[in-house]
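The block underneath contains the structure these notes are about, expressed in structure tokens.
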Amino acid sequence: MRVKEIKGKRRKRLYIALAAITAGLLVAMALPLTGYVLHSVGLVQVAQAQEADDEDEAVNQRAEYWRAVRGGVEGYSAVSGQETGVLIQNGGQKWRETRDGPLSFFGASLIIAVLVAIAAKHLVRGRDTLDERTGRMMARWPAFERALHWYVAILFIILAITGLSLMFGRAMLIPLMGKEGFAAWAQLAKPVHDYLALPFAAGLILTLLIYARKMLLQSHDFAWLRSMGGLIGDRHPPSGFFNAGEKIFFWLLFFCGIAIMVSGFYLLFPNLGWERDAMQLSHIVHSASGVFLIAVSLGHIYLGSFGVEGALEGMVTGSVDEGFAKEHHVLWYEEVKGIAAVEDNTPAPDATTATPT
Amino acid sequence: MARMKFLCDAERCIECNGCVTACKNEHEVPWGVNRRRVVTLDDGVPGEKSISVACMHCTDAPCAAVCPVDCFYTTDDGVVLHDKDLCIGCGYCFYACPFGAPQFPQQEAFGVRGKMDKCTFCAGGPEEDSSAAEEEKYGRNRVAEGKLPLCAEMCSTKALLAGDGDMVADIYRERITKRGGRPETWGWGTAYKGDA
């Protein structure tokens, strides 16, 4: 019997039955696909994954174990000593790469850059000579402060030379002195550096305490900084007892000095049992701060000696020329002269005779 | 040319410390200086592993790289030695060494450490071979007599192997294949996880 020959309701029922069977087959095929879709989206985890982990355990149980050892895990050792239970430490290689890499490169570059800048300034602009030299002196540095300054300065220079020898000596001095010659120098330099460290620290701490108050930045300091102390723009920006440049040098000494002293303490007393990573970090902080301070100190030394006329005599004799004071520290000059004028009850001798600057 | 290496078979080491004792005795190593040590991981737990470690005589030795007086040198055999006459006792080699090989006889304030001492692969130092000066400073020179390091010779289980790297590797490889059982393929679990 053909479909065409079935008539009426029976035909309709036939079509419904066929559609239902087809739909049922399609659903039966599609339903499992939902599982696949959900699994691929990650909503359904199958026992498969766990089996794979167990497999992993069977493949190499020691992989994680040795990875931990490589990471620096500590064991037990019958031999007692510092960190004898540690098989492998990783900090050493990082420290070696830092010290022989960026630390040496940027440290040397900074010092060379500062020297070049100083030479350029001196050759191009020349010495900062005094506008006038009156011959009348003003007290600026009392004896104790002068003594303290030279004490700290001389120790700093010795520590700088010995420290730089230990850092760059291998590259720079062995070619000049030979291995034995340089080793003999280094065998002296290391204990000198280590034993002078505490006397230097004492002097530095005293210096930082004495001057901290006077070194706080004030409004006129920012104008001074904008003209870079007269290097550009206004040739004589006013300043107090300490100009902004001196104040900034002080604060660099303050913060880097503290870093050097704290890291130096670790380096100086390994008998207190610091572990290797503490020593590595201390060494980097100490060397970086040290090289940085050496670089800025070169600027300080230049300005205090050749760079500015009338500066060095202040720190040697204790007094500066009034012309120097008026030119470089006019606010301090006025403060001192004002008080002097009030105390004397007579006008300052140069009030009528001084030439306007 | 032989390239000398150490290898400690962690599956065989029984933590007898025979290597430690042999080295200490043969070279008359002073108090506080430990040229060789045995480290035990997971001590007391079944499956604990022990390894004997001293200077590994690295190819690109970190100790040699950081020494401020450049007192290290590598022999033709690949043995890393140093000159105690140049050493300033700064400790940098100890900071750099991954294995903690450099040792110092003193531990005092102001960074006083004395001259660095370490495993020499029983190959002495820069002084003349087998001289009294060499023996006093660096210990016995066995390599100059054609012998291998005493620690490996004295190892009770032959866990510690010392000698030409290729020969040491061959011995170790033979052991691995003979042992069979648990696979020791590093990284396969991570790389091939999920493979059927």
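Which entries of B:Lys24/B:Lys158; A:Lys179/B:Lys84; B:Lys84/B:Lys158 have Cα-Cα distances beyond 22 Å here? Mind showing how you got there, number by number?
Values: B:Lys24/B:Lys158 19 Å; A:Lys179/B:Lys84 12 Å; B:Lys84/B:Lys158 32 Å.
From the list (B:Lys24/B:Lys158; A:Lys179/B:Lys84; B:Lys84/B:Lys158), the Cα-Cα distance tops 22 Å for B:Lys84/B:Lys158.
Please find the FRET efficiency linking A:Arg125 to A:Leu176, where r is the Cβ-Cβ separation and R0 is fixed at 35 Å, and quote it to the nearest 0.05.
Working: r = 34 Å, r/R0 = 0.96.
Computed FRET efficiency for A:Arg125 and A:Leu176 comes out at 0.55.
In sequence order, what are the phi-derived ³J(HN,Hα) couplings for segment A:14-28 according to the Karplus relation 6.51 cos²θ - 1.76 cosθ + 1.60 with θ = phi - 60°, rounded to whole Hz, with x for glycine and proline?
Each residue of segment A:14-28 in turn: 4, 4, 4, 4, 4, 4, 5, 5, 4, 4, x, 4, 4, 5, 4 Hz.
Set the Förster distance to 35 Å, then compute FRET efficiency between A:Arg67 and B:Trp31 from the Cβ-Cβ distance, nearest 0.05. Can you show the working numbers first?
Numbers: r = 36 Å, r/R0 = 1.03.
In this case the efficiency is close to 0.45.
Angle check, please: helix A:276-302 long axis (alpha carbons) against the longest principal axis of chain A (alpha carbons), in degrees 0 to 90, nearest 10.
Computed tilt is about 40 degrees.
Among A:Ile157, A:Ile260, what is the fewest-to-most ranking by other Cβ atoms within 10 Å? Before the final figure, lay out each step's value.
Details: A:Ile157 13, A:Ile260 26.
Final ranking by Cβ density, sparse to dense: A:Ile157, A:Ile260.
Between A:Arg235 and A:Glu145, what FRET efficiency follows from the Cβ-Cβ distance if R0 is 35 Å, with the result rounded to 0.05?
Numbers: r = 29 Å, r/R0 = 0.82.
Efficiency at R0 = 35 Å is approximately 0.75.
Spelling out what I want: for every residue of segment A:136-141, take phi, set θ = phi - 60°, compute 6.51 cos²θ - 1.76 cosθ + 1.60 (Karplus), and round to whole Hz; glycine and proline get x.
3J(HN,Hα) across segment A:136-141, in whole Hz: 8, 9, 10, 6, 10, 10.
By how many degrees, between 0 and 90 and to the nearest 10, does the Cα long axis of helix A:104-125 differ from the longest principal axis of chain A?
Helix A:104-125 sits roughly 40 degrees off the main axis of chain A.
Of the options B:Cys90, B:Ala159, B:Pro30, report the single residue whose Cα projects farthest towards the positive end of the charge dipole of chain B (beta-carbon charges: Lys, Arg +1; Asp, Glu -1).
B:Ala159
Taking Cα atoms, how many degrees apart are the long axis of helix A:330-344 and the longest axis of chain A, rounded to 10 and kept between 0 and 90?
Helix A:330-344 and the main axis of chain A meet at about 40 degrees.
I want to check the label-to-label distance for B:Arg175 and A:Leu198. Put each point 7 Å from Cα in the C-beta direction and report it in nm to one decimal.
A separation of 5.1 nm, rounded to one decimal place.
Please name whichever of A:Leu14, A:Val69, A:Ile154 sits farthest to the positive end of the charge dipole of chain A, dipole taken about the Cα centre and charges placed at Cβ: Lys and Arg +1, Asp and Glu -1.
Positive-most Cα among the choices belongs to A:Leu14.
Pick out, in residue order, every one of the GluC sites (Glu not before Pro) in segment B:103-147 that is DSSP loop and has at most 12 other C-beta atoms within 10 Å; say none if there are none. Each step should come with its number before you reach the end.
Details: sites: B:Glu108, B:Glu127, B:Glu128, B:Glu134, B:Glu135, B:Glu136, B:Glu145; in loops: B:Glu108, B:Glu127, B:Glu128.
For GluC sites (Glu not before Pro) across segment B:103-147 that sit outside H, G, I, E and B with at most 12 neighbouring Cβ atoms in 10 Å, the list reads B:Glu108, B:Glu128.
Long-range amide H contacts for A:Arg133: which residues qualify at under 5 Å (H placed 1.01 Å from N, peptide plane, sequence gap of 5 or more or a different chain)?
Here nothing satisfies the definition.
Would you mind classifying segment A:215-284 by shape? Square roots of the alpha carbon gyration tensor eigenvalues, ordered a ≥ b ≥ c; an a/c under 1.5 is rounded, otherwise it is prolate if a/b is larger than b/c and oblate if not.
It comes out prolate by the Cα gyration axes.
Holding the Cα-Cα limit at 27 Å, pick out from A:Lys94/A:Lys121; B:Lys118/B:Lys147; B:Lys49/B:Lys178; B:Lys5/B:Lys115; B:Lys49/B:Lys115; A:Lys190/B:Lys5 the pairs that are longer than that. Mind showing how you got there, number by number?
Working: A:Lys94/A:Lys121 39 Å; B:Lys118/B:Lys147 19 Å; B:Lys49/B:Lys178 20 Å; B:Lys5/B:Lys115 25 Å; B:Lys49/B:Lys115 33 Å; A:Lys190/B:Lys5 34 Å.
Listed pairs above 27 Å: A:Lys94/A:Lys121; B:Lys49/B:Lys115; A:Lys190/B:Lys5.
Per residue of A:191-197, what is the mean number of Cβ atoms on other protein chains within 10 angstrom of that residue's Cβ?
On the way: counts 5, 0, 2, 5, 2, 0, 2.
That average works out to 2.
All of the numbers you see were taken from the coordinates with simple rules; none came from a lab. Every value quoted in this text rests on a predicted model; they were computed, and no experiment measured them. Cβ coordinates were reconstructed from backbone atoms using ideal geometry, including for glycine residues, and neighbour counts include every protein chain displayed.
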